[in-house]
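FYI, it's all coordinate maths here, none of it is from the lab. Given the structure is predicted, the values throughout are model-derived calculations rather than measurements. Note: ideal-geometry Cβ built from the backbone for every residue, glycine included; neighbour counts use all protein chains shown.
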Amino acid sequence: WQAIETGVGNTQYSGQVTLGSAQSGSTYNLTDTTRGNHKTYNLNKGTSGTGTLFSGADDVWGNGSPSDAETAGADAHYGAALTWDYYKNVHGRTGIRGDGVGAYSRVHYGNAYVNAFWSDSCFCMTYGDGSANAKPLTSIDVAAHEMTHGVTSNTAGLIYSGESGGLNEATSDIFAAAVEFYANNANDPGDYLVGEKIDINGNGTPLRYMDKPSKDSRSKDYWYSGIGSVDVHYSSGPANHFFYLLSEGSGAKTVNGVSYDSPTVDGLPVTGIGRDKAELIWFKALTTKWGSSTNYAGARAGTEAVAAALYGTASAEYKSLQDAWAAIGVGD
Ligand code: ASN
Ligand code: ZN
């Protein structure tokens, strides 16, 4: 038996936050009893198993510095909780499979490992500590990105190669941004950047940009025949770009203090419909229209079916949707 507790997390990227924890005897542990018993484990540089469940004599986790092993645990546990809350409260999906069952997180994977990943086989997500073990990949957007791989795997099942792989990656980036906005955390405000807190390039630039993906010098801005042979983290570019355009529209814009300037391949403007509607369309297409081998053309068709049902084909939303697909080179 474990009592439901509310702990305090002193995170590296998101300031002081509330964490779901449990109390067993005189010991607290990072088990989020109100979110499917999601647990967070310390691998302590190991690369297999679960290491040890974070636990301690008080319900305070981390001190904001990566030198305290609990800090990355606090960030990861917080990111998982936000992602759980986002899917439940915004889309009515309780847990990755929609069955109320939590996954688990593992932090301190390997030595100075610069990646994070979702695994279907453990139904868990795992985080390295980043360069010099000082930049753990545990920011809100990275956690939401990895957890969303679990959602995609249990819904459309987009195969992780070719165009479906790019759509799979974009889905993780899109909901990473969505969760970050949803979190409304003063230390990590919502943006259309991926990985802006973890300094993965060592010069303060983010891993990916959704307004103009080619700013990372690798991602594609527009669809073209043959994009399916590009790494999925770059063939995601057009879909990320589509989501930005549908949400915010083309041209220059500043959101939460970040400036964007989104181009269109046809040179025609796109009028944004707002992030909430764009997220709803993407989520419904993912969960009710797409399948494992959906490509960009199929993605367009699925979102059109969703938007037609939600808003009608004569609506401003439907027009913007068509314009945004055309703007990234996906015709109907
Ligand atoms: N962090 C990467 C991702 O989630 C790991 C991978 O390449 N699968 O996409
Ligand atoms: Zn990914």
Which members of the range 114-136 meet the condition of being in a loop (DSSP other than H, G, I, E, B) and away from ligand 1 (no atom under 11 Å from the Cβ)?
-> 120, 121, 122, 123, 129, 130, 134, 135, 136
In this structure, does residue 209 turn out to be within 15 Å of the chain's Cα centre (by Cα), without any contact (Cβ under 8 Å) to a residue 60 or more places away in the chain and under 22 Å from residue 326 (Cα atoms)?
-> yes
Selected residue (criterion: nearest to ligand 2 (Cβ to nearest atom)) from residues of the range 107-125 that are in contact (Cβ under 8 Å) with a residue 60 or more places away in the chain and touching a helix residue (DSSP H, G or I) at 6+ places or on another chain (Cβ under 8 Å) | 114
Tally time: how many residues in the range 265-309 are part of a loop (DSSP other than H, G, I, E, B) and basic (Lys, Arg)?
-> 1
Over the range 137-164, the set of residues within 18 Å of residue 40 (Cα to Cα) and more than 13 Å from ligand 1 (Cβ to nearest atom) is 140
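So that you can scan it fast, the table gives a plain yes or no per residue for (1) closer than 29 Å to residue 98 by Cα; (2) aliphatic (A, V, I, L, M); (3) surrounded by fewer than 22 Cβ atoms within 10 Å (Cβ to Cβ):
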site: 148; (1), (2), (3): yes, no, no
site: 151; (1), (2), (3): yes, yes, no
site: 172; (1), (2), (3): yes, no, no
site: 203; (1), (2), (3): no, no, yes
site: 230; (1), (2), (3): no, yes, yes
site: 233; (1), (2), (3): yes, no, yes
Which one of 52, 47, 94, 18 is β-branched (Val, Ile, Thr) and over 28 Å from residue 153 (Cβ atoms)?
-> 18
A careful count of residues in the range 217-260 that are of a type in the set (A, V, I, L, M, F, W, C), farther than 21 Å from residue 317 by Cβ and not in a helix (DSSP H, G or I) gives 4
